[in-house]
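*Asks:* One structure, as structure tokens, below. Some questions next.
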Amino acid sequence: MTEQARPATDVTEEIRELERIARRLEPDRDGRAGLLGPVAAHADDFLDGLVDAPAFVADKAPARELRDHDVRDAPRGLEEVLEIYRRAVEEPGLKPASGRHVAYIPGGGIYAAALGDFLAAVTNDYAGIRFTGAGAVEMENQLIRWMAELVGYPADAAGNLASGGSIANLIAVVTAREAHDLGPEDVSRAVVYLTEQAHHCVDKALRIAGLGSCRLRYLAMDEGRRMLPEALDRAVEEDRAAGLRPWMVVASAGTTDVGAVDPLAEIGRVARAHGLWYHVDAAYGGFFLLCPEVRHLFRGIGSSDSVVVDPHKGLFLPYGLGAVVVKDRDAMHRAHRYRAAYMQDAVVDGRVVDDPAELSPELSKHFRGLRMWLPLMVHGLAPFRAGLREKLRLTRYFHRKVGQLGFQTGPEPELSVTTYRWVPEHGDADAFNRRLVERIHEDGRVFVSSTTLDGTVWLRLAVLSVRTHLEDVDRVLRVLEETVAGLAEREG
Ligand SMILES: *Cc1c(COP(=O)(O)O)cnc(C)c1O
């Protein structure tokens, strides 16, 4: 069913008629209030309900309700639309905003960031090119300078606000490729050094960057699953002797799996001695640099060539913001510059190396700076730092308490991820722990995840949601205790 513009006698009448219909997309002040009021109330109800809502709902069926509502010409009422959204999207599955989401790497999502997104979308300011968006670009560059300073880079370092850690890592990989002039003929001899704890997005980034056939050298780790710098040194020597081309080392500053921080300074020394591009993936761990009690773990991070940090993890922002900083601005620019006749007015002095569009794969993009800048400005840094320090302590608290409940525990947590498992008196411990996770997911009050380390199943606790506080960790402990008791009774 299409709405036809009435036949018009002349062209301006026809334009006016189309305008009348199209203008529904531009509500006036009252019209806007009619949209914003119910949406804001819906958001409030959601947030107030989080405390009692399950962290996870296993039944995916309600999501299919969306299929009953096709895109059509006629509008629907906002109340109806919000209700469909609530039932089909908010309710089923994991609630990433919940404080009892302690799986994967949570962040929660702070309200002020949502308002930053709202304003960025309303003004539609463009942060790609300084010529047209001086303030937006300035804001993003200021945030990048702040993060570069945090990792110890000089003031002229470059960077970019990307959609997440995966794309930020991809930008770093492409920059490293160009910086080392890695051509198609070099790829099969090029070697990347990492550990099995490195995030899988690095491997994905290499393949996307046309480097899928380069060699991945997985290095030996210490008992805390940290890269052994001697192993790196030895592997590079051997590869060079074998006629290969050692190219890049990827260290992790907080692995997703267990939260291990590689010895960054020592790796930096080996990287420099061998002329490797040194990349640090600090997507999860980077913002713990704000915490004096763990800062020493990151010693040497500034000796790297590129670093990734995820504000949608460590700054508690909603999904949609990962950042990369690169020490050598020219290398980053070489990898991402462009020329286009239709953009010629934007070129100043033949080079616009300060423009985000010249330092990333994106041209038109969401103005991501505002969702980070607004919360940092209105809250100040103090509550972010306090939140991170709280999460560090909650993780240590859990590690001690879960041990007291009789669980086997992994090493003392370095950051805010820790591992634990139940070893039953009889039967297969791995199968028991898999059932334990399944049971907890069916229950839904809390959401934990598991991993496999050296062939053994472990449960993980990852505390980084802004809403995870002492009572949430106590709730996780209680659910674990109850669920183990229930399973043991059934199987006993
Ligand atoms: C989360 C994470 C990534 C991937 O980042 P996304 O934001 O999920 O794309 C990469 N590396 C590490 C260490 C991570 O924790």
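*Asks:* In nanometres, what is the gap between the two model label sites at LEU216 and GLU230, each 7 Å from Cα along Cα-to-Cβ?
*Replies:* About 2.7 nm, to one decimal.
*Asks:* Moving to a separate point now. Using DSSP to call loops (not H, G, I, E or B), can you name the GluC sites (Glu not before Pro) in the stretch 1-108 whose Cβ has at most 15 other Cβ atoms within 10 angstrom?
*Replies:* For GluC sites (Glu not before Pro) across the stretch 1-108 that sit outside H, G, I, E and B with at most 15 neighbouring Cβ atoms in 10 Å, the list reads GLU3.
*Asks:* Find the relative contact order for the chain and round it to a whole percent, using C-alpha pairs within less than 8 Å whose residues are 6+ positions apart.
*Replies:* Relative contact order of the chain: 21 percent.
*Asks:* Something else about it: So, with +1 on the Cβ of K and R and -1 on the Cβ of D and E, and no other charges, what is the size of the charge dipole of the stretch 201-345 about its Cα centre, to the nearest 20 debye?
*Replies:* 440 debye
*Asks:* Can you put LYS60, LYS327 in order of Cβ neighbours within 10 angstrom, beginning with the fewest? Before the final figure, lay out the partial values.
*Replies:* Working: LYS60 9, LYS327 22.
Neighbour counts put them in this order, fewest first: LYS60, LYS327.
*Asks:* Given +1 on the Cβ of Lys and Arg, -1 on the Cβ of Asp and Glu, and no further charges, what dipole in debye does the stretch 1-110 carry about its Cα centre, rounded to the nearest 20? Walk me through the numbers on the way to the answer.
*Replies:* On the way: 16 positive and 23 negative charges, 78 e Å.
The dipole magnitude comes to about 380 debye.
*Asks:* Here's something else I'd like to know. Looking at the chain, what % of its DSSP beta bridges pair antiparallel, to the nearest 5?
*Replies:* Here the antiparallel bridges make up roughly 55 percent for the chain.
*Asks:* Now, a different point. Could you tell me which residue out of PRO75, LEU35, VAL466 lies farthest along the dipole of the chain toward its positive end? Charges go on the beta carbon: Lys and Arg +1, Asp and Glu -1, centred on the Cα centre.
*Replies:* It is VAL466, whose Cα lies furthest towards the positive end.
*Asks:* Given the Cα-Cα distance of LEU115 and ALA22 and 0.36 nm per residue of separation, how much length would full extension add, in nm? Intermediate results must be reported in sequence, preceding the final value.
*Replies:* On the way: separation 93, 0.36 × 93 = 33.48 nm, distance 2.67 nm.
Extra length available between LEU115 and ALA22 comes to 30.8 nm.
*Asks:* Assign one of three labels to the chain, namely rounded, prolate or oblate, based on the Cα gyration tensor with a ≥ b ≥ c the square roots of its eigenvalues; rounded applies when a/c is under 1.5, prolate when it is not and a/b is larger than b/c, and oblate otherwise.
*Replies:* Oblate shape, in that a/c is at least 1.5 and b/c is the bigger or equal ratio.
*Asks:* Let me ask something else about it. Using only C-alpha positions, report the orientation-averaged shadow area of the convex hull of the stretch 163-310, nm², one decimal.
*Replies:* Over all viewing directions, the stretch 163-310 projects a mean Cα-hull area of 8.1 nm².
*Asks:* As an exercise, use a Förster radius of 30 Å and the Cβ-Cβ distance of GLU178 and ARG272 to find the FRET efficiency, rounded to the nearest 0.05.
*Replies:* Taking R0 as 30 Å, the efficiency between GLU178 and ARG272 is 0.95.
*Asks:* OK, next. Among the GluC sites (Glu not before Pro) within the stretch 411-492, which fall in a DSSP loop and have no more than 11 other Cβ atoms within 10 Å of their own Cβ?
*Replies:* Sites meeting the loop and neighbour criteria: GLU425.
*Asks:* Now, a different point. Computed over the Cα atoms of the stretch 347-492, what is the convex hull's projected area averaged over all directions, in nm²?
*Replies:* Details: hull surface 53.5 nm².
Here the figure is 13.4 nm², rounded to one decimal.
*Asks:* Where nothing but the Cβ of Lys and Arg (+1) and of Asp and Glu (-1) is charged, how large is the charge dipole of the chain around its Cα centre, in debye to the nearest 20? Numbers along the way, then the final one.
*Replies:* Working: 60 positive and 74 negative charges, 170 e Å.
With only Lys, Arg, Asp and Glu charged at Cβ, the dipole is about 820 debye.
*Asks:* Next up: Would you work out if the stretch 188-262 is rounded, prolate or oblate? Take a ≥ b ≥ c from the square roots of the eigenvalues of the alpha-carbon gyration tensor; rounded if a/c is under 1.5, else prolate when a/b is larger than b/c, oblate otherwise. Walk me through the numbers before you get to the answer.
*Replies:* Numbers: a/c = 3.07, a/b = 1.23, b/c = 2.50.
Oblate, because a/c is 1.5 or more while a/b does not exceed b/c.
*Asks:* Once R0 is set to 56 Å, what does the formula 1/(1 + (r/R0)^6) return for the Cβ-Cβ distance between ARG435 and ARG334, expressed as a FRET efficiency to the nearest 0.05?
*Replies:* Once the sixth-power term is evaluated, E becomes 0.60.
*Asks:* Related question: With runs of 4+ DSSP H residues as the only contributors, calculate the mean residue ellipticity of the chain at 222 nm using -39,500 (n - 2.57) per run, divided by the residue total and rounded to the nearest 500.
*Replies:* Value at 222 nm, helices only: -13000 deg cm²/dmol.
*Asks:* What number in nm² do you get for the stretch 67-178 if you take the convex hull of its Cα atoms and divide its surface by four?
*Replies:* 11.9 nm²
*Asks:* Going from the alpha-carbon gyration tensor of the stretch 1-128, what semi-axes, largest first and in whole Å, does one get by taking the root of 5 times each eigenvalue?
*Replies:* Square roots of five times the eigenvalues give 37, 20, 13 Å.
*Asks:* Could you give the nm distance between label points at LEU47 and ARG490, where each point is 7 Å from its Cα heading toward the beta carbon?
*Replies:* My value for the distance between the label points is 3.9 nm.
Values quoted throughout were computed directly from the atomic coordinates according to the rules given, and no laboratory measurement underlies them. Since the structure is predicted, the reported quantities are computational estimates derived from the model, not experimental observations. We place every Cβ from the backbone using ideal geometry, glycine too, and count neighbours over all the protein chains shown.
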